[in-house]
Every structure is written in structure tokens, then in C-alpha cells.
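Heads up: the structure comes next, in C-alpha cells.
The values are calculated or read from the model by the stated rules, or taken from the named source; none is laboratory data. Note that the coordinates shown come from a computational prediction; the quantities given were computed from them, not determined experimentally. Here the Cβ positions follow ideal geometry from the backbone for every residue, glycine too, while neighbour counts run over all protein chains shown. For accessibility, only protein heavy atoms count, side chains too; no ligands or nucleic acids. Shrake-Rupley method; radii C 1.70, N 1.55, O 1.52, S 1.80 Å.
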Amino acid sequence: MGPQKFLEYQRKNPELTLEEYEFLKGRAQLVKEMSPSAQRNVKVTYGGDLIDNVTVISFNSRGAELTNTEIDMGRVFTETEDQRHIEVVVLGADLKNRFFPNIDPIGKTVQVDGRPFQVIGVAKSKGTVLGQSLDTFISIPIQTYIKMYGARTGLQYNFSALNKDRMTEAQDEIRVLLRAYRHLRPDQDETFMFLSSDTLISAWNNLTGAIAAAAVGIVSVFMVVGGVVIMNIMLAVVSERTREIGVRKSVGARRQDILNQFLVESSMLAAIGGLMGVAISWAVALIVRNSTLVPMEIPINAVIIGVTLSALVGLFFGIYPARRASRLDPIVALRAES
């Protein structure tokens, strides 16, 4: 599904509701855990310190695992707290480090969009994606979220199958039940969407594939440019060493010997350039990794491939200068000015 179609479906599909969730919950047989969920950006304040654009992730008492929220300190909210709309909150690691760097936050009160919430837990760090932290969030009960922001605020359902092998069957079961609840005929399109881990992996592969394709095109252009530069350098070297070539031929050097000499020099020139490029790339990766949240590394196989490719480019573009050197007439070469 392309981005345009995804946005089109989002616009025209009706919102999911809690009534539909209760309908699915009471009838789904292949689902292990299920939770409604919704999220938005909020302002969180503690002691006069405000953090804007904090993502609030809401779910029920069984939804922590479904949203990849593991508890590091304290606990997650209970079903009773959810049903009674209690204002309790689990902090993401970034908020804990910002508001409570050296003290236990459990039992403290933070303000979420101006309303007091008691801290009952701290989530384990989720890390980063493309340099963006995943820990600038809070989690509150879904019923508390609905009381504050309403039920029509982008509700979604998170669920897990009985086991990994039955994921497709569980998804088909949810699809059939939801179509039945919405009275969709067999010839009608679905008015809801599924987003699974396979979908996310496919989207990630498409993104990285597009980046890789663009990188191949850019690298190919630089290879040609670099090869032309190497060829011009070697032609200049041949011109400057014409007398040396004549001397070598006069003492018995064959054409193949001259050809091999300049091919090796051309390959070595390109390989040294490749090594310098790898060294610069390693330094840049080290600086970025230590000064930002972007994870960067240079695998050894990439170094080997890069240097080998550089040497091959030098070998290919060095053929013409090397052939020109090997075909010089020794008498004419000896007459050349040094």
C-alpha cells in the first residue's frame, strides 16, 4: 500500500469505537491479548519544568506488552485504575531523567496538560530510531485518556495471536468479526486497516532499498569521475617518465613488464585513495555516534569491498595509460627530455 492510498483510507474510514472493541473482545478465539490504544502529543510539567510534544500512549491494564512498554521501576496501572479513570502515569526514560535524575519518582505528581497525575512507574528505555528518541513518552489508562480527550481521537486496537504461527489466522478472524459488525457485504471494501510487524518491516525494507538505490547511483558517478582523474594522472606520469620507459626497454624490459608496472601503480593509487576515504568515513561515523543519538558503524566487510572496488576502478582506468607506455618506441623514448 502506497502512502497516498494509506492517507486516503485514513480519511474515509470511520473511527474505531470502544463498542466494536468489546464486540471483538467477547468473540475472538485466536487472540491472546487485546487492548484499545490511542495517542497524541501533550505538555508535561514538573516543578516549573515543562516538556512540550510528549507522546502520551494510552492502553488498558494488559496493553503494556502490546505497545512494547516494559517497566523498569514501579508498576503499570491496574484494570481497576483504568475502569475508574484514575489519573496515574508511567514515565518514559527521558522524562524520568529530566524531572527526577537522582531521586525515586514513584509517588510524585506531574502535570499532564495541566491535570495532576501520580507517577506509578518508569518504563525501560526503548532506544532510538534514525536518531529520534523513543523514550519521550508517558503512558496513562485508556479510559482516563478518553475522559480527557474523547473517544473519537484515533482509537486503534492492539492484539497478539495465541502464537506466532497463528498470526494470519488471528488477523483473518478479527477481519471477519469487524466486517460483520459493520455489516459489510462480500463485494464491499474494508473500512479499516491492519498494521502488522511484517508491514512495518516491508516499509523499512522499501525505505532502505530506495536509499541504497540512490547511493549506488551516486557512487557510480563518483567512480567514473575518480577513474577519469586517475587516468589523467597516469597519462601525466607516462609523459614525465618517457625517458625512464625507454631506458627500461633498452635493457630488456618487455611490453608486458611496462604494462604491469603502470597497472600496479594505477591500482595502488586508487586503493590508497580508497583507504583514505574509509579513514575519513570512520572518523565522521565516530564523531556522529559520540555527539548525536544516530547509531553509526562501519562493518569490516564494507571496508574490504570499498578498498577492493577502488583498486579495480584504478586497474580499469589505468589500462589506457599503461598500454600507451608499453607501446612507446624505445629509441624515441630515449630521445625524450627528462
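Report the equivalent ellipsoid semi-axes for region 11-133 in whole Å, largest first, defined as the square roots of five times the eigenvalues of the gyration tensor built from alpha carbon atoms. Can you show the working numbers first?
Values: eigenvalues 151, 54, 48 Å².
Whole-Å semi-axes of the equivalent ellipsoid: 27, 16, 15.
Provide the per residue accessible area, probe 1.4 Å, for the chain, rounded to a whole number of square angstrom.
60 Å²
With runs of 4+ DSSP H residues as the only contributors, calculate the mean residue ellipticity of the chain at 222 nm using -39,500 (n - 2.57) per run, divided by the residue total and rounded to the nearest 500. Present the calculation step by step, with values, prior to reporting the outcome.
Numbers: 12 runs with 177 residues, N = 338.
It comes out at -17000 deg cm²/dmol, rounded to the nearest 500.
Roll a 1.4 Å probe over the protein heavy atoms and report the accessible area of residue 165 in Å², nearest 10.
Using a 1.4 Å probe on the heavy atoms, I get roughly 140 Å².
Among the complete DSSP H segments of the chain, which ones combine at least 20 Å of alpha-carbon extent along their axis with a mean Kyte-Doolittle hydropathy of -0.5 or more? Could you put the intermediate results ahead of the total?
Working: long enough: 167-181 (21 Å, -0.21); 197-240 (63 Å, 1.55); 255-291 (54 Å, 0.92); 300-317 (26 Å, 2.27).
Membrane-span-like by this rule: 167-181, 197-240, 255-291, 300-317.
Given Cα pairs under 8 Å that are at least 6 residues apart, what percent is the relative contact order of the chain?
On the way: 469 pairs, mean separation 63.0, N = 338.
Over the chain, the number comes to 19 percent.
Looking only at the chain, where both bridge partners belong to it, what percent of the DSSP beta bridges are antiparallel (to the nearest 5)? All intermediate terms of the calculation are to be shown ahead of the outcome.
Details: 27 of 36 bridges.
Antiparallel: roughly 75 percent of the beta bridges in the chain.
Give me the orientation-averaged projected area of the Cα convex hull of the chain, in nm², one decimal.
Average projection, Cα convex hull of the chain: 27.1 nm².
Quick one: of 32/164; 43/96; 96/124; 108/147, which pairs are farther than 18 Å apart, Cα to Cα? Mind dumping the intermediate values first?
On the way: 32/164 11 Å; 43/96 15 Å; 96/124 10 Å; 108/147 22 Å.
Over 18 Å apart, Cα to Cα: 108/147.
How big is Rg to Rh over region 247-338, alpha-carbon atoms, Rh as the Kirkwood inverse-mean-distance radius?
Numbers: Rg = 19.8 Å, Rh = 15.7 Å.
On the Cα set of region 247-338, Rg over Rh gives 1.26.
Out of region 219-290, which trypsin sites (Lys or Arg not before Pro) are coil in DSSP terms and have no more than 11 other C-beta atoms within 10 Å? Mind dumping the intermediate values first?
On the way: sites: 241, 243, 248, 249, 254, 255, 289; in loops: 241, 254.
Sites meeting the loop and neighbour criteria: 254.
With a 10 Å radius around each residue's Cβ, average the other Cβ atoms per peptide and rank 144-153, 14-23, 209-218, highest first.
Numbers: 144-153: 16.5, 14-23: 14.4, 209-218: 10.0.
Top of the packing list down: 144-153, 14-23, 209-218.
Which order do the peptides 43-54, 307-318 come out in when sorted by mean C-beta neighbours inside 10 angstrom, highest first?
On the way: 43-54: 13.8, 307-318: 20.1.
Top of the packing list down: 307-318, 43-54.
Divide the volume of the convex hull of the Cα atoms of region 86-144 by its number of residues and quote the answer in cubic angstrom per residue. Before the final figure, lay out each step's value.
Details: hull volume 5.4 nm³, N = 59.
So the per-residue Cα hull volume is 92 Å³.
With only alpha-carbon atoms counted, please give the Rg and Dmax of region 71-117, in Å.
Cα radius of gyration and Dmax of region 71-117 are 11.3, 33 Å respectively.
Whenever you get a sec, compute what percent of the accessible area on the chain sits on carbon and sulfur atoms (1.4 Å probe).
Numbers: 11670 of 20330 Å².
The C+S portion of the solvent-accessible surface of the chain is 57 percent.
Once you put a point 7 Å from the Cα of residue 276 and another 7 Å from the Cα of residue 172, both along the Cβ direction, what distance in nm separates them?
Those two pseudo-labels are separated by 6.2 nm.
In cubic angstrom, how much convex hull volume per residue do the alpha carbon atoms of region 136-261 span? Can you show the working numbers first?
Values: hull volume 38.6 nm³, N = 126.
It comes to 306 Å³ per residue, whole-number rounded.
If you restrict to DSSP beta bridges whose two residues both lie in region 85-126, what percentage is antiparallel, to the nearest 5? Could you put the intermediate results ahead of the total?
Numbers: 4 of 8 bridges.
Given both bridge residues lie in region 85-126, the antiparallel proportion sits at roughly 50 percent.
When the gyration tensor of region 209-248 is built from Cα positions, what are the square roots of 5 times its three eigenvalues, in whole Å, from largest to smallest?
Working: eigenvalues 277, 10, 3 Å².
So the equivalent ellipsoid measures 37, 7, 4 Å along its semi-axes.
Determine the principal axes of the Cα atoms in region 146-188, then give the extent along each, sorted from largest to smallest and rounded to whole angstroms.
The Cα atoms of region 146-188 stretch 38, 30, 11 Å along their principal axes.
Could you order peptides 180-189, 319-328 by the average number of other Cβ atoms within 10 Å of their residues, highest first? Could the numbers behind the result be given before it?
Values: 180-189: 9.4, 319-328: 18.3.
The packing order, highest mean first, is 319-328, 180-189.
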